[in-house]
Amino acid sequence: MQIKVMTFNIHHGKGNDKQINLDRIANVIKNGRADIVALNEVDKRYGKRSHFEDQAGMLAEKLNMYHAFSPSIRLKSANAEERQYGNGLLSRFPIVNKKLHAFDFVRGLVEGRSMLETTIKTNEKHIQVFVTHLSLNPFLHRKQTESIMKTLSNSEHSSLLMGDWNMRPGSRGWRRVTEELQDTWYVAGKGSGHTYSANRPRMRLDYIFASSAFRVLETKVVSTDPSASDHLPVIATLELD
């Protein structure tokens, strides 16, 4: 079975022209023909900056996909709904389970971080997909990475780990993850793999990691519309035995 997976930091829909436009994000995903999409920096009724929209839900509706969301930041609101910001997932296959892993190592002093864990049922198998966006702080980054790898060690199915890692290839965090998972760019990418910033890519921050059950056929950076976000998405074609 072949699937295409994408990771995309959507910057709450804000493009390089400073405009909020989820249609551009949806078009990039649609043109990439991705089956599973990890999303970072997703707003859910967060505020005026994104028109109080449920962005994961709206993208799922535009693309006719299933979706899941987990908040990294939760703020009280004047109405009944919390203002939330975090990670999302879109899938052409049913999402049969989801779980939030909050990284509460330091409370209140830095931006909240979390990981979304989902189980997806394809036609033949279950796949566990994890979506995260890690801290810029080196100490917290190490703590978050260790927590993630501990969680993945208990995974019952073939696993994908995707998101904006705020790290460089070859770094301590990268070495820790690749002890157990394949960096799909390292296996089948060509060139630098830089994803940030979108209009002048000079850093590789966005990653797709896959367990050994997957054969990585191709990995590429998608640059069809650099105006859509401040990051470029990465897409990998995978084969699962």
Q) What area, in nm² and to one decimal, does the C-alpha convex hull of the range 7-110 cast on average over all directions? A) 7.5
Q: List, largest first, the extents of the alpha carbons of the chain along their principal axes, each in whole Å.
A: 49, 38, 37
**Q.** the range 158-198: radius of gyration and largest Cα-Cα distance (Dmax), Å
**A.** 10.7, 31
Q: Apply 1/(1 + (r/R0)^6) to the Cβ-Cβ distance of S153 and T224, taking R0 = 41 Å, and write down the FRET efficiency to the nearest 0.05.
A: 0.65
Q: Taking a cut-off of 16 Å between Cα atoms, list the aspartates and glutamates near K190, but don't count ones fewer than 8 places away on the same chain.
A: D206, E218
Q. Given only helices, namely DSSP H runs of n ≥ 4 each adding -39500 (n - 2.57), what is the per-residue ellipticity at 222 nm of the chain, to the nearest 500 deg cm²/dmol?
A. -5500 deg cm²/dmol
Q) Structure shown: which of K62/K99; K48/K98; K18/K76; K99/K150 lie over 18 Å apart, alpha-carbon to alpha-carbon? A) K62/K99; K48/K98; K18/K76
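How long is the gain from A213 to E82 if the chain were fully straight, where each residue apart is worth 0.36 nm and the alpha carbon distance is subtracted?
43.3 nm
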Q. How do 125-136, 199-210 rank on mean C-beta neighbours within 10 Å, highest first?
A. 125-136, 199-210
(Q) Only four residue types carry charge here, +1 at the Cβ of Lys and Arg and -1 at the Cβ of Asp and Glu. Report the dipole size of the range 2-240 about the Cα centre in Debye, rounded to the nearest 20. (A) 400
Q. For all pairs of alpha-carbon atoms in the range 60-104, what percent lies in each bin of width 10 Å, listed from the first bin to the last filled one?
A. 24, 42, 31, 4
Q.
Please compute the contact order of the range 2-240 in relative form: average sequence separation of alpha-carbon pairs under 8 Å and at least six residues apart, divided by the residue count, as a percent.
A. 22
(Q) Using a Förster radius of 22 Å, what is the FRET efficiency between N123 and V187 based on their Cβ-Cβ separation? Nearest 0.05, please. (A) 0.35
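Coordinate-derived values only; no laboratory data. Note that the coordinates shown come from a computational prediction; the quantities given were computed from them, not determined experimentally. Positions of Cβ are generated from backbone atoms using ideal geometry, with glycine treated the same way; all protein chains shown enter the neighbour counts.
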